[in-house]
Amino acid sequence: MADNKVILKTEHLSRYFGALKATNDVSLEIYDGEVHAIIGPNGAGKSTLMDLIVNRTAPNEGRVFFEGREITHMAPYKIANMGLCKCFQISKLFSNLTCFENIQIALIKKHGKVYDMRPRRADYLKDEVMQVLESVGMGGNADETAALLSYGDQRRLEIAITLAMEPKVLMLDEPTAGVARAEGYEIMEMIRDLAHERGFTVIFIEHDMQIVFNYSDRISVLDHGALIATDTPERIHENEFVQNAYFGGGTEDE
Ligand code: ADP
Ligand code: MG
């Protein structure tokens, strides 16, 4: 991150729903290796911006570049295969399979193998599966059924499934939503540490300002679809809009 190399860029990205500008002329640069938070009030367009980046939603205007290559209209699975991966929640888990099997399937997909229904060799890719589980602190949960995990562990498993793809950029829409605050901290700290250790980039949407200001290298603020600031946590904290929107004009409490 030292040289602020840009890994992902949007140029004048806009998305309209009827008269509503859910995304309004957003030009954003994400640096290679940074942990970048996207914040803004409910309905500010955070999720829409993420969906536009991975082309789950098509823009009305503007372009998206990943590693210098335009990906605006590329199929989402191709974008994921290039290493720009959005973590999808719950729906992506095979809830009646174990944690081990969920990661095993993700790795089989990554290796481009066809997943067939013949009895799988239980130890297939075992070392790799265990490495992925251990990276999110779930080595001890390998044999547990996904559906029976705590909510926090389900979030970890979803993140692990995305990590199995070895993303260059990991995108997370509220990774700590629904999780108790202490565990939310743990999850975000784990993501930040993994990103900095392995050198991948994280873009995350988060409503808990304590988590945002503790774990991001830079923060972007959206309001009514428009990007109103991108800066370091210190500078964003001084931003008047952020002060008023989140800190009631001065106090740190939400
Ligand atoms: P955020 O994630 O910041 O809460 P969203 O990106 O989900 O905000 O939504 C931004 C705005 O766009 C909201 O006003 C929302 O109601 C609207 N919106 C999002 N998706 C759609 C859709 N598919 N159709 C119509 N309006 C939408
Ligand atoms: Mg959202």
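Values computed for the structure shown
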| read-out | value |
| --- | --- |
| Listed residue (ASN141, TYR16, ILE211) projecting farthest to the positive dipole end of the chain, Cβ model | TYR16 |
| Coil-residue trypsin sites (Lys or Arg not before Pro) of region 1-40, DSSP, other Cβ within 10 Å capped at 13 | LYS5 |
| Loop trypsin sites (Lys or Arg not before Pro), region 117-156, which have at most 13 other Cβ atoms in a 10 Å radius of their Cβ (DSSP) | ARG121 |
| Overall dimensions of the chain by Cα: Rg and Dmax, Å | 18.6, 61 |
| Carbon plus sulfur fraction of accessible area for the chain, probe 1.4 Å, in percent | 47 percent |
| Cα centroid separation - region 121-165 against region 168-198, whole Å | 15 Å |
| Within the chain, longest stretch clear of exposed chymotrypsin sites (Phe, Trp or Tyr not before Pro) (DSSP loop, no more than 16 other Cβ within 10 Å) | 125-246 |
| Cα-based shape type of region 34-77, given that a ≥ b ≥ c are square roots of the gyration tensor eigenvalues and the cut on a/c is 1.5 | oblate |
| Neighbour net charge for ILE228 - beta-carbon separation under 12 angstrom, K R +1, D E -1 | -4 |
| Sites matching trypsin sites (Lys or Arg not before Pro) across region 23-98 that sit in DSSP coil, with at most 15 neighbouring C-beta atoms within 10 Å | ARG56, LYS92 |
| Debye intensity ratio in log₁₀ form over the Cα atoms of region 114-254, taken at each q of 0.09, 0.12, 0.20 Å⁻¹ | -0.36, -0.59, -1.26 |
| Nearby aspartates and glutamates by direct alpha-carbon distance to LYS21 (threshold 12 angstrom, same-chain neighbours under 8 apart not counted) | GLU61, ASP223 |
| Assigned charges on the beta-carbon of Lys, Arg, Asp, Glu; the chain dipole about Cα centre (debye) | 1300 debye |
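The values are calculated or read from the model by the stated rules, or taken from the named source; none is laboratory data. Quick caveat: nothing in here was measured; it's all calculated off a predicted structure. Neighbour counts are summed over all protein chains in view; Cβ atoms, including those assigned to glycine, are modelled from backbone coordinates with ideal geometry. SASA here: full protein model, heavy atoms, side chains in, ligands and nucleic acids out. Shrake-Rupley method; radii C 1.70, N 1.55, O 1.52, S 1.80 Å.
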